[in-house]
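S.K.: Here it is, the structure in full.
The values are calculated or read from the model by the stated rules, or taken from the named source; none is laboratory data. The model shown is predicted, which means the values in this text are computed figures rather than measured ones. Cβ placement follows ideal geometry from the backbone for every residue including glycine, while neighbour counts extend to all protein chains displayed. For the accessible areas, the whole protein counts, side chains as well, though only heavy atoms, and no ligand, DNA or RNA atoms are used. Shrake-Rupley method; radii C 1.70, N 1.55, O 1.52, S 1.80 Å.
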Amino acid sequence: MASTRYRLVPVGPGDSGFYPEHLYLALEATQLGYWQLDLRSGELSSSPQCKAKYGRDPGEEFTLEMFFERVHPEDRPRVKEALQSAGRRATEGDPNFSVEYRVYQADGQMRWQLSQGVVLLGPKGDPSHVVGVTLDITERKELEAALAERECHYRQMLEALPDMLFRLDRQGRCLEIKPPSNFPTQYPPDHYLGKTPEELFPPGEAQAVRQHLELAFATQQIQEMEYCWTECSSEPQYRQARFVPFENEQMLVMVRDITARKQAELKLQQQVQREKLFNRLMQAINGSLDLPTLFEVAVQEVGQVLQAARVTLYQYLPEERVWVAIVGHVRSPEVPSFLHLRIPDDPEIPAIQQLKRLQVFHVRDPQQVADSFALQERQDHQLGPWLGIPVACQGKLWGALALGRLISEPDWQAEEIKLAIAIGDHLGVAIHQAELYQKLQQTNAELDYQVRVRNGQLQQAYEDEALLQLITEEIRSSLDEQKILETVAQELALRLGLSGCRIALHDPERQASVLAVDYRPDQGIRRFPLEIPFADFAEVLQQLRGGQFCYFSNLGHPCWPGYERHTLLVVPICDLRDRTGQQKDSLLLGNICGSRPPGQVFGEREQRLMQRVAGQCAIAIRQARLYQTVQQQVQQLQELNHLKDEFLHMVSHEMRTPLTNMKLAIGFLSRANLTEREQRYLQILEMETNRELDLINELLELQAIEAGNRDLKLTWLSPQEWIPNLSEPFRLRAAQQGQQFQVEWDPDLLPLCTDESLLSRVVGELLNNACKYTPAGESICLRFSQSHQQGRPGWLIEVGNTGVEIPPEALPRLFEKFYRIPQLDRRKAGGTGLGLALAKKAMEILEGSLTVASHSGQVIFRVWCPSQSRTPQAGIPGEST
């Protein structure tokens, strides 16, 4: 299509010739559907682009009624109302016309349209025409719907939060607030807008809030603080403020009610503090066997722990029928002490009745009991809540612990009463402990002895475990069987103080026990050939096969000169993992023999240790032998792989020559005068020959790449030259197949230094696959953009096609050699399955990457090719060399 040169000319106020020609050219250049509606006659005129959206040819008639048939039924009244009111608004001074609606296109799909225009007035000032354009706003509407749904979802999540939320600006002013749902606020939400932290938070916390706010702005990290709020409740309320940096120099402050947690923490702290004091009290009680000292310490500590104004310890003397105050403690001099006070054992007194039944006596106010002495104490010294705790020894009443508080102080709580009962119980135990001191001393001595014995046993067990762990780590760190055996023999001999340690392995084929290692502390590792037939120690062998050790008190060993006599312990090395009832011979791998001079024995601990070491040794031997087997298999696989590569190389070369000759012969035959049937057979033969040649060439190239024989031939690629040359053949091919083909690249795309042949092969393979698998009517897009990855500049190349999707299970295997997905090949074009494998290897040589993603009915390959730093064969395009 020949291009016409246009130039911009000024348009005068009366130059009406500009509109008929130039305006329509401008509208056609924008590819927008423009239209004109006669408000008087209802006649609709539309451009070819506008008719095409509704499935109409440029020459076909398209009336207003046809247009309304395409409009969604729910939107027709709104569109008609907009057209009917357009003239009225124009006469009122607003000539603009705009309406959004849904239409059904020719393919049946529903799209959103935006019609915009102006109302033209006639000579008499009455509305005559509406002219405008129609835009497709479907994507915008879908985005608006998605955003509205997401906003609703987030708002619901936000409303579900029980916390109070503030959005503050950089100066700390409140821009937005979400009221809390689990604690009250002092003011309505609008009151907080525009307020600063000094007004939003308690005055005493404003400085700390400002510091956390500034720190969050400075570090862009979340900050937290806790504070106490007392304005909305008589009891202190605790809050947690969380400062979260927000976009555009804003801060999101989340205020959470943590009163329950803080109250639990405070209660826990009080409980912990009481437990500490209680433990200290118990230590003081248990640490003394002198009763006067014990009583004095107990009374003082009880007063401090339970915060009592007065504490008195009474002893009950049943022979004298009297209660005697033997120890007393007061918190202040204003409260008198009851020391040495004697109270008759009067059954009419309620407190004495309950204490003698070993029950706690508790009264909130002395006025509740008929006791003149208590009433006098309340009147004179303001003593209020009373608490009496019985103290019993061996289930018999010994006395009582009396505690009193002032009227202004709180009553005794359940936890405090429970603690006082525990103290009374411990006092009874301490008293009984003093009486049984001698017996306790003897018991302690016996316990100390037992503890020492047990500690000795535990120490031995610990040392054995440490030794076993050391030997296990050393033998498992090696896969050399001989080294493992030498390590075991040496460590056992040195750690157990043996005179020698020998390890023999059993050979079922030769029916003999073969000495593998002999270690003696004075001579080290000794190696010499020694085989003992199974028949020579059949009884011992039978016991070893049963998993039992053999113990000899005075026996000679063939390894020693002159068959010196020693105490021997022989333990089996059994592979217990494969133990079966039918094949016991294969379970016994060998034995470990430890020796000591005559008269010295092996204890049970040493016997168990040697058996456990033998078990670890069996595992190490099995692993070492398995490793050797695997190594042999790996070596065999490497040899087979090498033979396979050589075979492929030889076959490819041997087949290439006859196939080339066949191709030449086919070329000569194609010039001959052949029948139509012969020509068809000849075409099939030529197609299959080319296919085999492509397979052989790809095999050879893949082998060269994998062998590292492919050297880079660097050159500078100019995007303005290289991209059109590469994409033009595929553009023509796509047009022939009814596919849409697009090529895009950034205007600022820089030249690339790389191997042109390899990069062209990679992109060409991806475009070839896209053309092969893309259905007619779908699109293929080739995009180039500048990209920096791993600190290197380069090109990011994307090849995408629609109308096809790769199954998720096929994506991991897509770059394997000879792997194909036949169900995607609708045109039955076939292939070797080597193209993507070659492309992957080529990008590895170019130090780039090749990835694939497939979803939503499309496939996208991404190629990142870095610019090479080595000197290319040609200079940068556009520069002189």
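S.K.: Using Cα pairs under 8 angstrom and six or more residues apart, how large is the relative contact order of region 473-574, in percent?
M.R.: Result for region 473-574 is 16 percent.
S.K.: Ranked highest first by the average count of other Cβ atoms within 10 Å around their residues, in what order do 322-333, 91-102 fall?
M.R.: Packing order, densest peptide first, comes out as 322-333, 91-102.
S.K.: Next up: Percent of Cα-Cα pairs more than 16 Å apart in region 316-363, please.
M.R.: Taking all Cα-Cα pairs of region 316-363, the fraction more than 16 Å apart is 52 percent.
S.K.: Here's something else I'd like to know. Average projected area of the Cα convex hull of region 23-144, in nm²?
M.R.: Averaging across all directions leaves 8.2 nm² for the Cα convex hull.
S.K.: Quick one: pull the percent of accessible area on region 161-264 belonging to carbon and sulfur, 1.4 Å probe, ligands and nucleic acids left out.
M.R.: Solvent-exposed carbon and sulfur of region 161-264 make up 49 percent of the total.
S.K.: Collect residues whose amide H, placed 1.01 Å from N in the peptide plane, falls under 5 Å from the amide H of A512; neighbours closer than 5 in sequence don't count.
M.R.: Under 5 Å from the amide H of A512: D507, F534.
S.K.: Per residue, how big is the convex hull around the C-alpha atoms of region 161-264? Give it to me in cubic angstrom, could you?
M.R.: 96 Å³
S.K.: Please list, in chain and number order, the residues 5+ apart from E778 or on another chain whose amide H is under 5 Å from its amide H, with Hs placed from the backbone.
M.R.: Those lying under 5 Å, H to H, from E778 are Q740.
S.K.: Considering only protein heavy atoms, what per residue accessible area in square angstrom results for region 740-860 with a 1.4 angstrom probe?
M.R.: I get 45 Å² per residue for this part.
S.K.: Return P(r) of region 287-441 (all Cα-Cα pairs; 10 Å bins starting at 0; whole %; ordered from short to long distances).
M.R.: 11, 42, 36, 9, 1, 0
S.K.: Okay, next question. Would you mind pulling out the separation of the Cα centroids of region 124-159 and region 294-313, in Å?
M.R.: 80 Å
S.K.: In whole Hz and in residue order, list the ³J(HN,Hα) couplings for region 86-97 that follow from phi through the Karplus curve 6.51 cos²θ - 1.76 cosθ + 1.60, θ = phi - 60°; x for Gly and Pro.
M.R.: Using θ = phi - 60°, the values come out as 5, x, 5, 5, 5, 5, 8, x, 10, x, 6, 10 Hz.
S.K.: Can I ask one more? Given a 1.4 angstrom probe, I'd like the percentage of the accessible area of region 287-441 that is carbon and sulfur, rounded to a whole number.
M.R.: 53 percent
S.K.: For H129, what residues show an amide H to amide H distance below 5 Å, using hydrogens built from the backbone and excluding near sequence neighbours?
M.R.: Counting only residues 5 or more places away or on other chains, the set is L39, L120.
S.K.: Test of understanding: what is the full-extension gain from Y551 to F668, defined as 0.36 nm times their sequence separation minus their Cα-Cα distance?
M.R.: Separation in residues times 0.36 nm, less the Cα-Cα distance, equals 32.8 nm.
S.K.: How large is the charge dipole for region 711-866, taken about the Cα centre, if only the Cβ atoms of Lys, Arg (+1) and Asp, Glu (-1) carry charge, to the nearest 20 debye?
M.R.: Value, rounded to 20: 580 debye.
S.K.: Send over a whole-number figure in Å² for the accessible area per residue of region 287-441, probe 1.4 Å.
M.R.: Accessible area per residue, region 287-441: 52 Å².
S.K.: OK, next. Could you please report the charge total around Q304, scoring K, R as +1 and D, E as -1 over all other residues with beta-carbon less than 10 angstrom from its beta-carbon?
M.R.: So the environment of Q304 carries a net charge of +1.
S.K.: Just the accessible area per residue of region 23-144, please: how many Å² with a 1.4 Å probe?
M.R.: Per residue, region 23-144 has 56 Å² of solvent-accessible surface.
S.K.: Return the sequence-ordered ³J(HN,Hα) values of region 406-420 in whole Hz as given by the Karplus equation 6.51 cos²θ - 1.76 cosθ + 1.60 applied to θ = phi - 60°, using x for Gly and Pro.
M.R.: Each residue's phi maps through the Karplus curve to give 6, 4, 6, 8, x, 6, 5, 8, 4, 5, 5, 5, 5, 5, 5 Hz.
S.K.: Could I ask something else about it? Which ³J(HN,Hα) values in Hz, rounded to whole numbers, follow from the phi angles of region 804-810 under the Karplus curve 6.51 cos²θ - 1.76 cosθ + 1.60, where θ = phi - 60° and Gly and Pro get x?
M.R.: My calculation for region 804-810 gives 8, 9, 7, x, x, 5, 8 Hz in order.
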